[in-house]
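Asks: For reference, the structure I am asking about is given below.
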Amino acid sequence: MTPFFQALALLAAGIVAGLVGTAGGITSLVSYPSLLAVGIPALSANVTNIVALVVCAPGAALASRPELAGSGAWLRRWAPVAALGGAAGSALLLFTPAGVFSRVVPFLVIIGSLALLAQPWLSARRPQRPRPGDRLILPIGLFALSVYNGYFGAGSGVMVLALLLFTTDPQLPRANALKNMLIGAAVAISAAAFALLGPVNWAAALPLAIGMFVGSTLGPRVTRRLPVNVLRWAIALFGVALAVQLWVKPSL
């Protein structure tokens, strides 16, 4: 594939990935295999993918202003937790042997997908009064998922969305908008570290990032318009598809 057609393919993949990811699904289900398909090695593809992902948060923020209204204080409280987790995950990727989590990741993605489907049923059966440990679920869960997001990230959007639906807001469009901002905070730190220390393929990162920005301005609009149950099932099915893909062919 010539450099021109490679860039064109990554631009198109980025648009689809940005749309799918910010609509609640999984960006890396599209973008990461696209990088592998054009011949980029697995570690470089992972790092390049994370660097390109940094543009999705501003694109999603532009399209999610109605859902994010009044969330400034909440985001200022929790975005640093996500950023700290993302930094820890980046360090793990750079300084631990490849493949440490490769067989665990598919199960995490499956759990996140099933939790997303079960969320309405589980939320309806939660005790009315918070239990003593309930306040710890969000900070611990968010930090742990952000570590994973900084390390690899495929499926982290589904898992963070499920966490927010349980702990913060049961309305899927609003929880999805918050998820996009938290994922963005974790990715920004990781992207900065990888830009300095990682094997980023900049020729691939640029067209992929441009496409992702365009797609990320469309995703929240799709979330706003689709019936919630249709969107919930679509996101969960994307998650299952990614889990199968990662089990058949571990990516790190």
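The values are calculated or read from the model by the stated rules, or taken from the named source; none is laboratory data. These numbers were taken from a predicted model, which means no experiment stands behind them. Note that we place each Cβ from the backbone using ideal geometry, even for glycine, and neighbour counts take in every protein chain shown.
Asks: Report whether or not PHE152 is out of contact with any Phe, Trp or Tyr (no Cβ under 8 Å at 6 or more places or on another chain), of a type in the set (Phe, Trp, Tyr) and at pLDDT below 90.
Replies: In short, no.
Asks: Hey, can you tell me all the residues within the range 218-236 that are more than 15 Å from SER28 (Cβ to Cβ) and within 15 Å of the chain's Cα centre (by Cα)?
Replies: Correct list: PRO220, ALA236.
Asks: Kindly indicate which of ASN176, ASN229 is without any contact (Cβ under 8 Å) to a residue 24 or more places away in the chain and either hydroxyl-bearing (Ser, Thr, Tyr) or in a helix (DSSP H, G or I) (or both).
Replies: One residue alone meets the criteria, ASN229.
Asks: Please enumerate the residues belonging to the range 210-222 that are surrounded by fewer than 24 Cβ atoms within 10 Å (Cβ to Cβ) and either touching a Gly at 6+ places or on another chain (Cβ under 7 Å) or outside any helix (DSSP H, G or I) (or both).
Replies: ILE210, PHE213, VAL214, THR217, LEU218
Asks: Would you confirm, using the coordinates I've provided, whether ALA98 is within 28 Å of VAL244 (Cα to Cα), in a loop (DSSP other than H, G, I, E, B) and either out of contact with any Pro (no Cβ under 9 Å at 6 or more places or on another chain) or at pLDDT 85 or above (or both)?
Replies: Criteria met by ALA98.
Asks: Would you say VAL187 is out of contact with any Gly (no Cβ under 6 Å at 6 or more places or on another chain), closer than 22 Å to GLY89 by Cα and either assigned to a helix (DSSP H, G or I) or of a type in the set (Val, Ile, Thr) (or both)?
Replies: The answer is yes for VAL187.
Asks: Okay, moving on. Looking at ALA186, ALA192, which is the one that is of a type in the set (Gly, Ala, Ser) and crowded, with 23+ Cβ neighbours inside 10 Å?
Replies: ALA186
Asks: Only one of LEU246, LEU182, LEU172, LEU252 is out of contact with any Lys or Arg (no Cβ under 6 Å at 6 or more places or on another chain) and at pLDDT 90 or above. Can you tell me which?
Replies: Being out of contact with any Lys or Arg (no Cβ under 6 Å at 6 or more places or on another chain) and at pLDDT 90 or above holds for just one of LEU246, LEU182, LEU172, LEU252, which is LEU182.
Asks: Another question, then. Take the range 65-86 and flag every residue that is out of contact with any Lys or Arg (no Cβ under 7 Å at 6 or more places or on another chain), part of a helix (DSSP H, G or I) and not aliphatic (A, V, I, L, M).
Replies: Matches in the range 65-86: ARG65, PRO66, GLY72, TRP74, ARG76, ARG77, TRP78, PRO80, GLY85, GLY86.
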